[in-house]
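Accompanying notes for the structure given below.
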Amino acid sequence: MRTAVCTGSFDPPTLGHMDIFMRAAELFDMVYVAVLTNPNKKPVFTADERCGLLMEAARAEGLNNVCAEAYRGAAAIIRGIRNGSDLEYERSMEGANKFLRPDIETVYLLARPELEFISSSAVKEMASYGKDIDGLVPDAIKNKIAERLIKR
């Protein structure tokens, strides 16, 4: 069975994230979404909440081969690339990953043009100004995300 892992903070999950997971789910038998905590960011959702949101959104999309949990011996790391800055950053991360695990490949999936402007940071900022986040995050979890972001 070919497995892949998508890593990130996913705080909150966006339509861009979901697009990458859907596309990865077509390429691999199992896609694990590893929710990480970035020490340089103050998360809005706990890691457990993010896993729950990701699983809810994945099930709403019928992605039964996508699971949000800890890393488990994957054949590949899936990374979404929105722009040149993302590529530059991800290439350096690939080098570090290769040093740690020379047997694991990094697979880059380019963001669809209509989704490349979406980031979790942008979603948080827009919501903090009271803007509607419809069309930026999965419908299945939009209300949960909006409630948390509005409370901030």
task = With respect to ASP134, determine if the residue is over 24 Å from TYR32 (Cα atoms) and open to solvent by 20 Å² or more (accessible area, probe 1.4 Å).
result = yes
request  = Determine which member of the set ARG101, ARG50, ARG79, ARG112 is touching an Asp or Glu at 6+ places or on another chain (Cβ under 7 Å) and open to solvent by 60 Å² or more (accessible area, probe 1.4 Å).
outcome  = ARG112
Selection count where residues are closer than 17 Å to LEU149 by Cα and either among the acidic types (Asp, Glu) or open to solvent by 50 Å² or more (accessible area, probe 1.4 Å) (or both), scope region 37-47 = 4
inquiry  = Can you tell me which condition LEU63 does not meet? The list is (1) assigned to a loop (DSSP other than H, G, I, E, B); (2) at pLDDT below 95; (3) under 15 Å from the mean Cα position of the chain (by Cα), and all the others hold.
reply    = (2)
ask   = Regarding SER128, is this residue surrounded by 14 or more Cβ atoms within 10 Å (Cβ to Cβ) and either farther than 22 Å from GLU26 by Cα or hydroxyl-bearing (Ser, Thr, Tyr) (or both)?
value = no
task = Give me a count of the residues in region 111-121 that are assigned to a helix (DSSP H, G or I) and farther than 14 Å from PRO43 by Cα.
result = 3
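The values are calculated or read from the model by the stated rules, or taken from the named source; none is laboratory data. These figures come from a predicted structure and were not determined experimentally. Neighbour counts run over all protein chains shown; Cβ positions are idealised from the backbone, glycine included. Accessible surface is based on the protein model in full, side chains and every heavy atom, while ligands, DNA and RNA are left aside. Shrake-Rupley method; radii C 1.70, N 1.55, O 1.52, S 1.80 Å.
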